[in-house]
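**Student:** This is the structure I want to talk about, given as structure tokens.
The values are calculated or read from the model by the stated rules, or taken from the named source; none is laboratory data. Values in this document were obtained by computation on a predicted structure and should not be read as measured data. Don't worry about glycine lacking a Cβ; one is built from the backbone with ideal geometry, like all the others, and counts go over all protein chains shown.
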Amino acid sequence: MSDMTSLVRVQDAGLSHDGGKNFIFRHVDLDIEEGQFVAVLGPSGVGKSTLLRVIMGLIAPTEGTTTLSTAREQTGSRRSALVFQDARLMPWRTVRGNVELGLEGLGLSRSERRQRAEEALELVKLSAEATRWPRQLSGGQRQRVGVARALTVNPDLLLMDEPFGALDAITRKSLQTELLAIWQKTKKTVLFVTHDIDEALLLADRIIVLAGKPASVRGDLRVGQRPRDPSSPGLRALAGRLRSLIAGEEDPGNTPYWQAAEI
Amino acid sequence: MNGLRIGAGGRAGLGAVGLLLLLAIWQASVQFHLVPPGLLPAPTELWAAFVSEVSGGFWVQAIKDSLVHYVAGLLIGSVLGAGAGLVCASVPLVDALTGGIVRLLRPIPGLAWVPFAILWFGLNNVGATFVIAISVFWINFYAAYGAVKSVDQELYEVAAAFGHRGFLARLHYVTLPAAMPGLLAGLRTGLGQGWMSVVAAELFGVPGVGARMMQASSLLATDIVVVYMITMAGLYALTDFLFGLVRDRLLRWQG
Ligand SMILES: Nc1ncnc2c1ncn2[C@@H]1O[C@H](COP(=O)(O)OP(=O)(O)OP(=O)(O)O)[C@@H](O)[C@H]1O
Ligand SMILES: [Mg+2]
């Protein structure tokens, strides 16, 4: 709608791994405004991770276009950064070395890089593990290193692929809160893939549902006021709607919450 | 499972016991004429041979001579071999173009190159270096090739996601560190192969440990031959040990 602030523009994008015979997703249109926190929901295998890669430019779309229009290439930051679904650390780099990966080549001094990495590690509560090797970490700790690695490059677009899926409830809660605080402070644009409807309802301004074969955007919902309580009746109704959308059913519509029980 | 557990110290100790046993059996079989006399020098005769070689100055000189072309051949062969393997494995066009050449040259043993080494470089250090370099080349070529081929492709995506794209960035951020264990394994094998090739390279008279061994063997001075066999084993053990230290340092991340 408002061209000026649209950071991500996906136009009629389709992706096929076999030269156009089968599409993972097709006819995907998506505009993400700067500063928006967008969650992507969808069943397993539908193409959420693939869509993130296309938006980030790691894979070229088979059809259509994606543009990431960041105005500036600031020193010390990157246009986009991705938190991978599986942590994907480099086993030969220490925890701190992994966090510094994206900072290298940005014209920062060694000590600046180190300081930035330390700050990011503090955020994910891993300062004490800075000099350990990835093999010495638990799965959840590795995932948090992946989060720190992405945050530290101060990206205009932060893409997160089920970043907290592998964490225990307490750590997840604390990282969700942390992420919200960072987002509110920096007004970063976030594209956040999750399986967890409540997580999407807690974090996002807007929830995109990807479903179907080939997948396309089957739902695009706004979520209102913050702070949120996912157990509130309004959000419970929204959760019901999202569940049926994910299952590939038609959108039951914007049902008022007092009617939701009847669906 | 409650099998016998052997620590690092225990292993070294048992290794020494095994060696001593071998020496004892060897000594006994010569002393009690279990082998016909003259076929095998007894371990106790070796010391005298060793002392005479050292006091004549031959021993130190031979080691010095060998080290010159060993080190040069090792360096040249390893760097070129690892480099070629790396390029072939990471550039499909080069890989395809060189596939036939590799298959043609690979089975030729270093020894077969000796006539050419003499023809091209003469009976000198350069010729010997050439022969050693060739045998070390292939070991490193295949080690590097395999190591690069088996790099976790997903890590290239990680590098790209954090701004490291292009051939050199991929090489620096992913290929080299990921392939390092394989590269170092190749270097280490080459270290041993290099000593074996020293004998081949010196076969025709380039001075060194191998040449000295050949001289002694033409005189049937088996005790001196064995002295140089053990010398080579010792030199190999030393280089391998030193290399192990460097490798452990470089591969700390593997634990
Ligand atoms: N390189 C590839 N070649 C062919 N098919 C692929 C390739 N990579 C992924 N796929 C297929 O693409 C589809 C989408 O995969 P993707 O990882 O994007 O799903 P996802 O929505 O992220 O799933 P999950 O929630 O389980 O992570 C899957 O069916 C997968 O099998
Ligand atoms: Mg996924």
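**Student:** Can you pull out the residues in the range A:9-40 that are in contact (Cβ under 8 Å) with a residue 60 or more places away in the chain and either within 12 Å of ligand 2 (Cβ to nearest atom) or among the hydroxyl-bearing types (Ser, Thr, Tyr) (or both)? So that I can check it myself, show each step before the final result.
**Tutor:** Within the range A:9-40, the first condition is being in contact (Cβ under 8 Å) with a residue 60 or more places away in the chain, and the residues that meet it are A:9, A:14, A:22-30, A:32-40.
Within the range A:9-40, A:24, A:40 meet the criteria.
**Student:** Just a yes or no: is a residue in the range B:39-57 in contact (Cβ under 8 Å) with a residue 24 or more places away in the chain, part of a helix (DSSP H, G or I) and among the β-branched types (Val, Ile, Thr)?
**Tutor:** Checked the range B:39-57: no residue is in contact (Cβ under 8 Å) with a residue 24 or more places away in the chain, part of a helix (DSSP H, G or I) and among the β-branched types (Val, Ile, Thr).
**Student:** Which count do you get for residues in the range B:100-126 that are in a helix (DSSP H, G or I), farther than 26 Å from residue B:183 by Cα and in contact (Cβ under 8 Å) with a residue 40 or more places away in the chain?
**Tutor:** Adding up the residues that qualify gives 4.
**Student:** Moving to a separate point now. Can you find a residue that is out of contact with any Gly (no Cβ under 8 Å at 6 or more places or on another chain), away from ligand 2 (no atom under 16 Å from the Cβ) and under 26 Å from residue B:159 (Cα atoms) anywhere in the range A:43-54?
**Tutor:** Among the residues of the range A:43-54, not one is out of contact with any Gly (no Cβ under 8 Å at 6 or more places or on another chain), away from ligand 2 (no atom under 16 Å from the Cβ) and under 26 Å from residue B:159 (Cα atoms), which makes the answer no.
**Student:** Mind counting the residues in the range B:244-255 that are more than 14 Å from every other protein chain (Cβ to nearest Cβ) and crowded, with 16+ Cβ neighbours inside 10 Å?
**Tutor:** Residues in the range B:244-255 being more than 14 Å from every other protein chain (Cβ to nearest Cβ) and crowded, with 16+ Cβ neighbours inside 10 Å: 0 in total.
**Student:** Given the residues A:66, A:62, which is the only one that is among the polar types (S, T, N, Q) and within 13 Å of ligand 1 (Cβ to nearest atom)? Give the steps one after another, and end with the answer.
**Tutor:** Numbers: A:66 fails: within 13 Å of ligand 1 (Cβ to nearest atom).
After applying the criteria, what remains is A:62.
**Student:** Related question: Quickly run through the range A:106-126 and pick out the residues that are within 20 Å of residue A:173 (Cα to Cα) and surrounded by 15 or more Cβ atoms within 10 Å (Cβ to Cβ).
**Tutor:** If the condition is that a residue be within 20 Å of residue A:173 (Cα to Cα) and surrounded by 15 or more Cβ atoms within 10 Å (Cβ to Cβ), then A:120, A:121, A:123, A:124, A:125, A:126 are the ones that fit.
**Student:** Of the numbered conditions (1) at positive phi; (2) within 14 Å of chain B (Cβ to nearest Cβ), residue A:125 satisfies every one except a single condition; which is it?
**Tutor:** The one condition residue A:125 does not meet is (2).
**Student:** Could you tell me which residue of the range B:160-176 is nearest to the other protein chains (Cβ to nearest Cβ), considering only residues that are surrounded by fewer than 20 Cβ atoms within 10 Å (Cβ to Cβ) and assigned to a helix (DSSP H, G or I)?
**Tutor:** Per the stated criteria, the residue is B:169.
**Student:** Same structure, new question: Any idea how many residues of the range A:194-218 are buried (at least 18 other Cβ atoms within 10 Å of the Cβ) and within 16 Å of ligand 1 (Cβ to nearest atom)?
**Tutor:** So the count comes out to 13.
**Student:** Can you tell me which residue is farthest from residue A:153 (Cα to Cα) among those in the range A:27-43 that are small (Gly, Ala, Ser) and either at pLDDT 90 or above or not assigned by TED's automatic domain parsing to the domain that holds residue A:213 (or both)?
**Tutor:** Filtering the range A:27-43 down to residues small (Gly, Ala, Ser) leaves A:35, A:39, A:42.
With the extra rule that they be either at pLDDT 90 or above or not assigned by TED's automatic domain parsing to the domain that holds residue A:213 (or both), the set shrinks to A:39, A:42.
Details: A:39: 21, A:42: 28 Å.
Filtering first and then ranking leaves A:42.
**Student:** OK, next. Quick one: residue B:155 ticks every box in (1) away from chain A (no Cβ under 14 Å); (2) aliphatic (A, V, I, L, M); (3) farther than 24 Å from residue B:71 by Cβ except a single one, so which number is it?
**Tutor:** That leaves (1) as the condition not met.
**Student:** Continuing with this model, one more query. Do you know which of the residues in the range A:36-58 that are within 9 Å of ligand 1 (Cβ to nearest atom) and within 14 Å of another protein chain (Cβ to nearest Cβ) is surrounded by the most Cβ atoms within 10 Å (Cβ to Cβ)?
**Tutor:** Going through the range A:36-58, the residues within 9 Å of ligand 1 (Cβ to nearest atom) turn out to be A:40, A:42-53.
Restricting the remaining residues to those that are within 14 Å of another protein chain (Cβ to nearest Cβ) gives A:49-50, A:52-53.
Numbers: A:49: 19, A:50: 19, A:52: 24, A:53: 22.
Checking each candidate, the answer is A:52.
**Student:** May I pose another question? Any idea which of (1) crowded, with 21+ Cβ neighbours inside 10 Å; (2) away from ligand 1 (no atom under 16 Å from the Cβ) is the one residue A:191 doesn't satisfy?
**Tutor:** Here residue A:191 meets the rest and fails (2).
Here is a yes/no grid of residues against (1) surrounded by 19 or more Cβ atoms within 10 Å (Cβ to Cβ); (2) of a type in the set (A, V, I, L, M):
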| site | (1), (2) |
| --- | --- |
| B:33 | no, no |
| B:39 | no, yes |
| B:62 | yes, yes |
| B:66 | yes, no |
| B:70 | yes, no |
| B:77 | yes, no |
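**Student:** If you take the residues in the range A:59-68 that are surrounded by fewer than 19 Cβ atoms within 10 Å (Cβ to Cβ) and not hydroxyl-bearing (Ser, Thr, Tyr), which one is nearest to ligand 2 (Cβ to nearest atom)?
**Tutor:** Keep residues of the range A:59-68 that are surrounded by fewer than 19 Cβ atoms within 10 Å (Cβ to Cβ), which gives A:59-60, A:62-65, A:67-68.
Applying the additional criterion that residues be not hydroxyl-bearing (Ser, Thr, Tyr) yields A:59-60, A:63-64, A:68.
Working: A:59: 13, A:60: 19, A:63: 21, A:64: 20, A:68: 20 Å.
Here the residue is A:59.
**Student:** What's the total number of residues in the range B:138-159 that are crowded, with 24+ Cβ neighbours inside 10 Å and in contact with a Gly (Cβ under 8 Å, 6 or more places away or on another chain)? Lay out the reasoning, then the answer.
**Tutor:** Filtering the range B:138-159 down to residues crowded, with 24+ Cβ neighbours inside 10 Å leaves B:139-141, B:143-145, B:147, B:158.
Retained after the next criterion (residues that are in contact with a Gly (Cβ under 8 Å, 6 or more places away or on another chain)): B:139-141, B:143-145, B:147.
So the answer is 7.
**Student:** Please verify whether residue A:23 is within 15 Å of ligand 1 (Cβ to nearest atom), at pLDDT 90 or above and more than 19 Å from the chain's Cα centre (by Cα), treating the condition exactly as stated.
**Tutor:** Numbers: within 15 Å of ligand 1 (Cβ to nearest atom): yes; at pLDDT 90 or above: yes; more than 19 Å from the chain's Cα centre (by Cα): yes.
Here the answer is yes, as residue A:23 does meet what is asked.
**Student:** Could you figure out which of (1) away from ligand 2 (no atom under 16 Å from the Cβ); (2) among the basic types (Lys, Arg); (3) outside any strand (DSSP E or B); (4) modelled with pLDDT of 90 or more isn't true of residue A:88?
**Tutor:** Just one mismatch for residue A:88, condition (1).
**Student:** Would you confirm, using the coordinates I've provided, whether residue A:54 is in a helix (DSSP H, G or I) and in contact (Cβ under 8 Å) with a residue 12 or more places away in the chain? Spell out the reasoning first.
**Tutor:** Working: in a helix (DSSP H, G or I): yes; in contact (Cβ under 8 Å) with a residue 12 or more places away in the chain: yes.
In short, yes.
**Student:** Let me ask something else about it. Just to be sure, is residue A:109 farther than 30 Å from residue B:180 by Cβ, more than 16 Å from ligand 2 (Cβ to nearest atom), away from every other protein chain (no Cβ under 14 Å) and modelled with pLDDT under 95? Before the answer, list the steps.
**Tutor:** Details: farther than 30 Å from residue B:180 by Cβ: no; more than 16 Å from ligand 2 (Cβ to nearest atom): yes; away from every other protein chain (no Cβ under 14 Å): yes; modelled with pLDDT under 95: yes.
Considered against the rule, which asks whether it is farther than 30 Å from residue B:180 by Cβ, more than 16 Å from ligand 2 (Cβ to nearest atom), away from every other protein chain (no Cβ under 14 Å) and modelled with pLDDT under 95, residue A:109 comes out as no.
**Student:** Ok, one more. In the list A:70, A:66, which residue meets the criterion of being of a type in the set (S, T, N, Q) and within 14 Å of chain B (Cβ to nearest Cβ)?
**Tutor:** Values: A:66 fails: within 14 Å of chain B (Cβ to nearest Cβ).
Among A:70, A:66, only A:70 is of a type in the set (S, T, N, Q) and within 14 Å of chain B (Cβ to nearest Cβ).
**Student:** Quick check on my filter: what residues within the range B:198-235 are surrounded by fewer than 17 Cβ atoms within 10 Å (Cβ to Cβ) and more than 16 Å from residue B:65 (Cβ to Cβ)?
**Tutor:** B:217, B:218, B:219, B:220, B:221, B:229, B:230, B:233, B:234
**Student:** If a residue must be of a type in the set (Ser, Thr, Tyr) and either away from chain B (no Cβ under 13 Å) or touching a helix residue (DSSP H, G or I) at 6+ places or on another chain (Cβ under 7 Å) (or both), how many such residues does the range A:76-106 contain?
**Tutor:** Step one: filter the range A:76-106 for residues of a type in the set (Ser, Thr, Tyr), giving A:77, A:80, A:94.
Narrowing further to those that are either away from chain B (no Cβ under 13 Å) or touching a helix residue (DSSP H, G or I) at 6+ places or on another chain (Cβ under 7 Å) (or both): A:80.
Count: 1.
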